[in-house]
Amino acid sequence: MGEAPARGRFITLEGGEGTGKSTQAKLLAERLQAAGIAAILTREPGGSPGAEAIREVLLSGAAASLGPAGEALLFSAARIDHLEKTVRPALEEGSFVVCDRFADSTRAYQGALGGLKQDFIRDLERLVVGNTRPDLTLILDLPVEAGLARAEARRPQSARADRFERETLAFHEAVRGAFLAIAAAEPARCVVMDASASAAGVAEAVWMVVEDRLFGDKVICAPAISTTKSLT
Ligand code: TYD
């Protein structure tokens, strides 16, 4: 029997609205690539054609009337497709996968809506994610009001806030608390990052964590990626 094929590493970025996850996910994927490491950038909800179609339904608010359990099932349906079509094939090829939001967002957001049985989200996650659990999760943390203000500032004037941005301040506080609780409960997987610094500053901190957690002593020659075009 030959050796098991090398599996790539799965890195997820999580956090509330306007914490800069998308910018950081992009910078991290680019920096890995610049270091000669195969890496793809993807996101949830979305990341595969089927999941992107479900994303439209979820973010428009059209599914809000299904209630938290119904929305959690839709996020999970999107996740099944994304994992099957995009994430697992990349990991099996040995590529790194950098994903903007993943299952912790279901725990935090659908959990914060309330009314779900305690085990529902946990059991659902186990069924959907299986063994494809993240190797590293970076939780970008920022006071809720600052994050919502950033999200508002970047939104085009013609666009309406999405289904979750429209939720109350108390909801977003609960989401932030949920992410911090996940990080405290799973310190081997999760690292909380202060997202209040500049994009370049956060990117540097992210890279140090990735080097430390995933490369150990190996020195990776990866130039910092310019953030000038990515500050959104
Ligand atoms: P997106 O535009 O990607 O938000 P952001 O720029 O803040 O990352 O929209 C994703 C929204 O969907 C966001 O408000 C969080 C929410 N969401 C959930 O409620 N549950 C989930 O499982 C996921 C993946 C996202």
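The values are calculated or read from the model by the stated rules, or taken from the named source; none is laboratory data. Just so you know, these numbers come straight off a predicted model, no measurement behind them. Here the Cβ positions follow ideal geometry from the backbone for every residue, glycine too, while neighbour counts run over all protein chains shown. Side chains included, ligands, DNA and RNA excluded: accessible areas come from the protein's heavy atoms. Shrake-Rupley method; radii C 1.70, N 1.55, O 1.52, S 1.80 Å.
Tabulated values for the structure
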read-out: Amide H contacts under 5 Å for residue 167, placed H, 5+ residues apart; value: none
read-out: Length gained when the stretch residue 59-residue 93 is fully extended (0.36 nm per residue, less Cα-Cα span); value: 9.1 nm
read-out: Selected from 75, 215, 179 as most flexible by GNM, with the chain as the system and alpha-carbon contacts under 10 Å; value: 215
read-out: Hz values of 3J(HN,Hα) by residue in the stretch 206-213 - Karplus curve (6.51, -1.76, 1.60), Gly and Pro given as x; value: 4, 4, 4, 5, 4, 4, 5, 7
read-out: The stretch 43-109: relative contact order in percent, alpha carbon pairs under 8 Å with at least 6 residues between; value: 41
read-out: Residue with peak Gaussian network fluctuation, the chain [Cα springs, cutoff 10 Å], from 121, 220, 37; value: 220
read-out: Calculated FRET value between residue 34 and residue 173, using beta carbons and R₀ = 25 Å, to 0.05; value: 0.10
read-out: Amide proton proximity set for residue 137, modelled H, under 5 Å, gap of 5+; value: 12, 190, 191
read-out: Approximate spin-label separation residue 160-residue 184, in nm, with each point projected 7 Å along Cα-to-Cβ; value: 3.7
read-out: Solvent exposure ordering (accessible area, 1.4 Å, most first) of 21, 85; value: 85, 21
read-out: Mean Cα-pair separation over length for the stretch 7-127, i.e. relative contact order, pairs under 8 Å, 6 or more apart, %; value: 41
read-out: Sequence-separation-based contact order of the chain, relative, with Cα cut under 8 Å and 6+ spacing, percent; value: 32
read-out: Given charges at Cβ of Lys, Arg, Asp, Glu: the chain dipole, positive-most of 209, 184, 149; value: 149
read-out: Average accessible surface area per residue within the chain, 1.4 Å rolling probe, Å²; value: 50
read-out: Exposure ranking of 169, 136, 113, 127 by accessible area [1.4 Å probe, largest first]; value: 127, 169, 113, 136
read-out: Qualifying trypsin sites (Lys or Arg not before Pro) in the stretch 118-179, DSSP loop, other Cβ atoms within 10 Å at most 15; value: 160, 166
